[in-house]
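The values are calculated or read from the model by the stated rules, or taken from the named source; none is laboratory data. Nothing here was measured: the structure is a model prediction, and the numbers come from that model. Cβ placement follows ideal geometry from the backbone for every residue including glycine, while neighbour counts extend to all protein chains displayed.
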Amino acid sequence: MTESLISRFAKLNPLKLTGVYDEDFGEEIDDTTIAGGGHGARRTDITKGHLRVSHALKSYLVKNHILSEEDVGLDSEQPSYALRALLDKSHINVPPEVTDRSYPLPEYFISSSHNTYLLGHQLTGKSSATAYETALNTGSRCVEIDAWDDEEHADEPKVTHGYTLVSHIPFRSVCETIRDVIDREAAQSVNEQGYRAAPIMLSLENHCNAHGQRRLVEIMKEIWGDRLLSKAVRIKGHQEQRGDSDPVTLAELGSKIVVIVEYHLPEEADSSEEDNGSNNEDEEERQAREAYRAKKKAAASGAIVPELAELGVYAQSVKPRDNSWFEGVLKDGPHNHLINVSETGLASHMPAANEKIAEHNSRHLMRVFPKGTRISSNNLKQVPFWGIGAQICAMNWQTFNASMQINEALFSGTDGYVLKPAALRAGGNMNLSTGRKKRLSLHVAGASDVPVPEGKEADEIKPYVTCTLVHTDELGGNHPKRKTDPYKQHRLGFLHRGENPPPTDPIWDENLVWEYEENELTFLRILIKDDVSFAENPVFAVAAVRLLYVVPGWSFIRMLDLKGRETKCSLLVKFHIEDA
């Protein structure tokens, strides 16, 4: 009996009593996902005008003099003109200068995908050409291809995650999928911010022999034709070709496919050595990772043939072997080099070398990829890396988790390219902080149509809103969080004065306040969760915003589910930012 009780108490995780939940969690995306990289996919057939506003929220709008009783249409099923206008008002406004394409390519953040071909797990998942369509449709502008020789078809290289149980697909089919997306974007693009066709950067990780590499080039040229950028955009003899300070601009790349080709330095580092495992791995994951690293180490990197090297016109990927790339000049490196480094490799230099790395990244490209232990497709925390100017933070696009929600916040309303803050561009001081203190007030009024998970009854939930301020010093673990009280409907409604809406239409009427140091890369992540005693608090709906984009005043935010799909749930909030 005693042992049984001890066993039962041991199973009670004390953290669960405080409502702790893995808030980084996201569900696997699919072809219905619209969010992730902030592309025009956010313009859907479902408009905010179709959202329902609860009677309780209509009453709130009237009581707080936001709309008059006549304007709100209190007892009408159809939203009035004034209420529809408030529903249609966007809670963000991306400044036009953020999407100005006249700056050099290294001065932009680029919405980027890692191991794009994978569905699900990094070691046992499935490869699919449609994964490229999904990533590009949801806003990614940099996708990754791992190309390998196919022993059974020497002329048709394959795409897969080497040394793993992942299935493979023909390189040709990936190229065809990308071509079809480009053609569709060209046909549908309009001259409007967020909906213009933009360049697609292709991070090509080559594992092919010389013959296979030549076949890669031949297939790319055959399928992509003039969509492929295969030579410099300016005539020979221009400053750009002389290596002076007149780099190619984003506008000059048009909507071409820009290939990132590997450039092997003598005695370059093995990036897999940077990853030393995770305490959260189970034994099966640990063994799989060790087997993967052992096989990868046994395979020698081959040289890049000239035909393939020529396609790396504006980006040649280098895995650094020392610190020369940020201490001075990259030794033995190409002119248009791109530093390709894992999150752990880059973090090892932070914050000591932040300013030097940011200075490098103001003129050269950097790609940061997830550490090898993220085999379940969870993600790196990219905001600190954006804070030192890393343009390409390659995200595991397979799940719409916390980092993908922040990715959506930066790139929402853009073409997948966002101009860096002036401090991080050429000539800047490489320090994002202005030294000024700001105060953010988020007044959370209430929500309509909070989604109820399968297996739950609507009257069982106790929804609350929790928000986290995410900023560039996130590596330090300082994430200021605020939350409302859980909403609970009064069971004896006749004893309650005023509105007593159901739990799916909660009213909180609370003000959440943060003070923070002003920084253009500050984000707010908003979750609607369920307050469950003695259990994990599941997430019902999510949203994330870049504070630079928020529109002051009252707005309805259309909430997303954990697959990155729009829900019928809307959250009424008021943003106010002022000097502290």
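A compact table of results
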| item | result |
| --- | --- |
| Residue within the range 73-80 that is modelled with pLDDT of 90 or more and of a type in the set (Asp, Glu) present | no |
| Qualifying positions in the range 547-580 - part of a strand (DSSP E or B), among the charged types (D, E, K, R) and more than 19 Å from Val513 (Cβ to Cβ) | Arg558, Glu566, Lys568 |
| Cβ pairs under 9 Å, 6+ apart, first in the range 198-215 and aromatic (Phe, Trp, Tyr), second assigned to a helix (DSSP H, G or I) | none |
| Members of the range 100-138 found to be within 19 Å of the chain's Cα centre (by Cα), of a type in the set (S, T, N, Q) and modelled with pLDDT of 95 or more, listed by number | Ser111, Ser112, Ser113 |
| Within the range 49-65, considering residues that are within 22 Å of Ile92 (Cβ to Cβ) and surrounded by 19 or more Cβ atoms within 10 Å (Cβ to Cβ), the one modelled with the lowest pLDDT | Leu51 |
| Glu77 being of a type in the set (Asp, Glu) and outside any loop (DSSP other than H, G, I, E, B) | no |
| Qualifying residue in the range 79-93 (condition: buried (at least 20 other Cβ atoms within 10 Å of the Cβ), among the β-branched types (Val, Ile, Thr) and touching a residue at least 40 places away in the same chain (Cβ under 8 Å)) | no |
| Check on Lys438, modelled with pLDDT under 95 and among the basic types (Lys, Arg) | no |
| Candidate set from the range 534-546 (those that are under 24 Å from the mean Cα position of the chain (by Cα) and outside any strand (DSSP E or B)); member that is modelled with the lowest pLDDT | Asn537 |
| Meets criteria (more than 24 Å from the chain's Cα centre (by Cα), assigned to a strand (DSSP E or B) and aliphatic (A, V, I, L, M)) for Leu512 | yes |
| Qualifying residue in the range 475-486 (condition: crowded, with 18+ Cβ neighbours inside 10 Å, assigned to a strand (DSSP E or B) and at pLDDT 95 or above) | yes |
| Residue count for the range 427-454, restricted to those that are among the small types (Gly, Ala, Ser), in contact with a Pro (Cβ under 8 Å, 6 or more places away or on another chain) and closer than 16 Å to Glu355 by Cβ | 1 |
| Selection count where residues are within 19 Å of Met201 (Cβ to Cβ) and not in a loop (DSSP other than H, G, I, E, B), scope the range 373-407 | 9 |
| Residue identified as touching a residue at least 60 places away in the same chain (Cβ under 8 Å), surrounded by 23 or more Cβ atoms within 10 Å (Cβ to Cβ) and among the aliphatic types (A, V, I, L, M) among Val532, Val551, Val573, Val539 | Val573 |
| Which numbered condition Arg367 misses (of (1) touching a Lys or Arg at 6+ places or on another chain (Cβ under 9 Å); (2) more than 18 Å from Val470 (Cβ to Cβ); (3) surrounded by 23 or more Cβ atoms within 10 Å (Cβ to Cβ)) | (1) |
| Residue check for Asn340: in contact (Cβ under 8 Å) with a residue 12 or more places away in the chain, within 24 Å of Gly139 (Cβ to Cβ) and in contact with a helix residue (DSSP H, G or I) (Cβ under 8 Å, 6 or more places away or on another chain) | yes |
